[in-house]
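Taking it in order: structure first as structure tokens, then the write-up.
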Amino acid sequence: MTQPARSIRRLLAPIAAAALTGSLLVAVAPSAQAVDTLLSQGRPALASSAENGGAPAVAAVDGRPDTRWGSTWNDPQWLRVDLGGTATISRVVLQWESAYARAFQIQTSPDGTAWTTVYATTAGAGGTQSLAVGGSGRYVRMYGTQRGTGYGYSLYEFQVYGTGQAPPAGDGYVPADPPVTGVLPSTAVPPATDPPTTHHEFQANCSVSRTNLPDDPIVFPKLPGASHSHTFLGNTTTDAHSTLPSLQGGGTSCITPGDKTGYWMPTLLNGDTAVQPVGRQVIYYKSGVLDHRSVRPSPPGLRYVVGSPVATRDEFRNAPGAVEGWECGDSAFNWDFPASCPAGTQLNIRYQAPSCWDGRHLDTPDHVSHMAYPVLGVCPAGHPVAVPMIEFKMAFPVSGNMANVRLSSGRGYSFHYDFYNAWDAPTLAALVRHCINGGLQCDPRGFDLYKPDRGAALNENYELR
């Protein structure tokens, strides 16, 4: 992600269509008040469907005029936003693309199950509609029953105004205890070695631990079902309620028992079928700075999001963490899914994380600002602490015609992943010291096949000696 101000709180996933409840009566609504507040922007949103995976519901509440939610081409369809708490609703603004709703209702709900209709029409004309409504609830949805065109429903923005929204819990900042201070960006050049030091890394080999779960404990903590579908690796207990203590007490699908980190990414779909990576996947821990000796272990509880579910193709292509994009066979550097992949090959993605930490926060409200990418191999002054650079290398068993391949977050350029550090601290420290600081190319044991005389950081059971 290249624009931290675009909050990752815009995550969501399409879910199955729900039945309409509540009456179809048009409510007598007061005029919108000048003091009403935009409550919906950046909030979790869900939809009955998404068109080709490239028009997710999140795009209708992101405040961007160049993104949209689009449904499949049938009735009924709905788009729902979670305001985060009970609010008095005064106005709803619909900014339609050319595919609009002729007949639809605006509905509110306290729980996302029982719905009350506060506006209804059978003569919608598209364009921008500003609707004065009267009602209250935590959830607001547009429920479309008749399309105005032969296409689906398509909204650039779905805006809900009102008052009384419950404030979010906390301010989103998680302080490091203790903070790391007094670190200056390292500009030292490591001395030459014989043989030359060409790598400074080790691998974490982890398989899929949980599948098709619409949870995200970083972006939507304590809100099960609020996210789009994710594929989880590493920790076997990760869900919306995960905390550092719960992860530390959980199991792991990683070959190293001490790695109980939660890793997750949007689910890959071929049509409506989820495609999961098979076997242990490679998650590299590398030096992202020139002076690999300055890298220190990530602190327990450090968490962040790499990439953005609402990135454009250009943003994904130009992101400092993009390595090779999508690849299969001899096709590489694809910033969306390739049109086809040779039969029997796998679809691969490589993506690097930021590796410079501010030393003060384990998390920030946008889940990005406490981290930064190195500049010319040196951590910037505002993020002086060099930590291991995570690099996902995922392989999905899908080939042939890729026309129906998508992510639960959208097109291929919406790929992103989450990292919630729950390593056993001494184990991580040993691997960082031996492999990254020591200039080795290590396997998960911390053993460099090309420099066997240097030994390994862990024993044959992948545990500290």
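Quick one: which of A132, A123 is part of a loop (DSSP other than H, G, I, E, B) and hydrophobic (A, V, I, L, M, F, W, C)? It would help to see each step written out before you state the result.
Values: A132 fails: part of a loop (DSSP other than H, G, I, E, B).
Sole residue among the options that is part of a loop (DSSP other than H, G, I, E, B) and hydrophobic (A, V, I, L, M, F, W, C): A123.
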Would you confirm whether or not the stretch 417-433 contains a residue that is under 16 Å from T198 (Cβ atoms) and in contact with a strand residue (DSSP E or B) (Cβ under 7 Å, 6 or more places away or on another chain)?
no
Here the residues within the stretch 299-314 that are within 30 Å of L184 (Cα to Cα) and outside any loop (DSSP other than H, G, I, E, B) are R303, Y304, V305, V306, G307
So R210 ticks every box in (1) at pLDDT below 95; (2) assigned by TED's automatic domain parsing to the domain that holds A395; (3) basic (K, R) but one. Which box is left unticked?
(1)
Out of (1) assigned by TED's automatic domain parsing to the domain that holds S287; (2) over 30 Å from G301 (Cα atoms), the one G182 does not meet is (2)
Any idea which residue in the stretch 406-449 is nearest to L213 (Cα to Cα), counting only those that are at pLDDT below 95 and assigned to a loop (DSSP other than H, G, I, E, B)?
S408
Restricting the stretch 99-114 to residues that are under 29 Å from the mean Cα position of the chain (by Cα) and of a type in the set (S, T, N, Q), the one surrounded by the most Cβ atoms within 10 Å (Cβ to Cβ) turns out to be T108
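In the stretch 222-239, which residue that is within 13 Å of the chain's Cα centre (by Cα) and modelled with pLDDT under 95 is farthest from T364 (Cα to Cα)? Working first, answer last.
Initially, the stretch 222-239 is screened for residues within 13 Å of the chain's Cα centre (by Cα), giving 226-232.
Subsequent filtering for residues that are modelled with pLDDT under 95 retains 226-229.
On the way: A226: 19, S227: 19, H228: 21, S229: 23 Å.
Once the filter is applied, the top-ranked residue is S229.
Out of contact with any strand residue (DSSP E or B) (no Cβ under 8 Å at 6 or more places or on another chain), part of a loop (DSSP other than H, G, I, E, B), closer than 30 Å to V368 by Cα and not small (G, A, S) - does that describe any residue in the stretch 106-118? Lay out the reasoning, then the answer.
Here is the first cut: in the stretch 106-118, the residues out of contact with any strand residue (DSSP E or B) (no Cβ under 8 Å at 6 or more places or on another chain) are 113-114.
Checking which are part of a loop (DSSP other than H, G, I, E, B) leaves us with 113-114.
Going one step further and asking which of them are closer than 30 Å to V368 by Cα, we end up with none.
No, that holds for no residue.
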Looking at (1) surrounded by 24 or more Cβ atoms within 10 Å (Cβ to Cβ); (2) in contact (Cβ under 8 Å) with a residue 60 or more places away in the chain, find the lone condition where E391 falls short.
(1)
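For the stretch 352-375, name all the residues that are under 14 Å from P388 (Cα atoms) and not polar (S, T, N, Q).
First pass over the stretch 352-375, keeping only residues under 14 Å from P388 (Cα atoms): 352-359, 371-374.
The answer is A353, P354, C356, W357, D358, G359, M371, A372, Y373, P374.
For the stretch 187-211, which positions are in contact with a strand residue (DSSP E or B) (Cβ under 8 Å, 6 or more places away or on another chain) and either part of a loop (DSSP other than H, G, I, E, B) or aromatic (F, W, Y) (or both)? Break it down stepwise before answering.
Of the residues in the stretch 187-211, the ones in contact with a strand residue (DSSP E or B) (Cβ under 8 Å, 6 or more places away or on another chain) are 187, 198-211.
Hits for the stretch 187-211 are T187, T198, H199, H200, F202, S207.
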When you check P397 against the structure, is it under 22 Å from I283 (Cβ atoms), modelled with pLDDT under 95 and in contact with a strand residue (DSSP E or B) (Cβ under 9 Å, 6 or more places away or on another chain), yes or no?
no
Show the residue pairs meeting these rules: Cβ distance below 6 Å; 6+ apart or different chains; first residue within the stretch 142-158 and in the same structural domain as L94 (by TED's automatic domain parsing) and surrounded by fewer than 22 Cβ atoms within 10 Å (Cβ to Cβ); second residue assigned to a strand (DSSP E or B) and basic (K, R).
Q146/R102; G148/R102
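Only one of W357, W326 is closer than 16 Å to F396 by Cβ, buried (at least 22 other Cβ atoms within 10 Å of the Cβ) and either modelled with pLDDT of 95 or more or not assigned by TED's automatic domain parsing to the domain that holds T243 (or both). Can you tell me which?
On the way: W357 fails: closer than 16 Å to F396 by Cβ.
Answer to the check: W326.
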May I ask you to list pairs of residues, at least six apart or on different chains, whose Cβ atoms are under 6 Å apart, with the first in the stretch 206-231 being touching a residue at least 24 places away in the same chain (Cβ under 8 Å) and the second being among the acidic types (D, E)?
D215/D239; I218/D418; S227/D215; S227/D216
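The values are calculated or read from the model by the stated rules, or taken from the named source; none is laboratory data. None of the values given here were measured: they were computed from a predicted structure. Positions of Cβ are backbone-derived with ideal geometry, glycine not excepted, and every protein chain shown enters the neighbour counts.
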